[in-house]
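Student: A single structure is presented below for examination.
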Amino acid sequence: MKTLSDDLRRRIVEAREQGAGVGEVAKRFGVSRSSVERFHKQYRRRGHWKPKRRGGYRKSALAGHGRRLRAWIAKTPDLTLEELRDLCARELNVSLGINALWHCIDKLGLSHEKNDARCRARQAGCAGGKARVEAPAAAAAGAPACFHR
């Protein structure tokens, strides 16, 4: 859904401030009653009707822990994502999902080759089963190839 314009939000808030009812304002401007209530409430609390930022602004729970993650992966290159997630919870007190952990791993410069079928077929150098995390240095040494640089 698109963000409503600043001008429309201003007019909605002004109409409510002048005493118009929520239903009347919603009908006049073609928006939902909940939007009228939300804009007016925001204006009362914060003094403005500007929309909040959309997307791309959330900071990772693992921000600042990149070196630690790299060290764990270098020390134990066959860690699964589940094991790494448990380690983060235990050592860093950071609780996160597998997807969030994967995005962080990817930003560290590791990429995942989605070859589960090939791993199950026992491709040379692949341990099979669960996806494994591998440090870039370990890749050169011939470690399991499910994760690679």
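Student: Quick one: if you stick a label point 7 Å off each Cα along the C-beta vector at A20 and K52, how many nm between them?
Tutor: Distance between label points: 2.6 nm.
Student: Looking at segment 29-96, which trypsin sites (Lys or Arg not before Pro) are DSSP coil and have at most 16 other C-beta atoms within 10 Å of their C-beta?
Tutor: Numbers: sites: R33, R38, K41, R44, R45, R46, K52, R53, R54, R58, K59, R67, R68, R70, K75, R85, R90; in loops: K52, R53, R54, R58, K59.
Listed in order of number, the matching sites are K52, R53, R54, R58, K59.
Student: Where Rh denotes the Kirkwood radius from the mean inverse Cα pair distance, what is Rg over Rh for segment 6-46?
Tutor: Details: Rg = 8.8 Å, Rh = 9.7 Å.
Using only Cα positions, Rg/Rh for segment 6-46 is 0.90.
None of the figures in this text is laboratory data; all of them are computed from the coordinates on show. What you are looking at is a predicted structure, and each value in this text was computed from that prediction instead of being measured. A quick note on method: Cβ atoms are made from the backbone with ideal geometry, for glycine too, and the neighbour counts reach across all protein chains shown.
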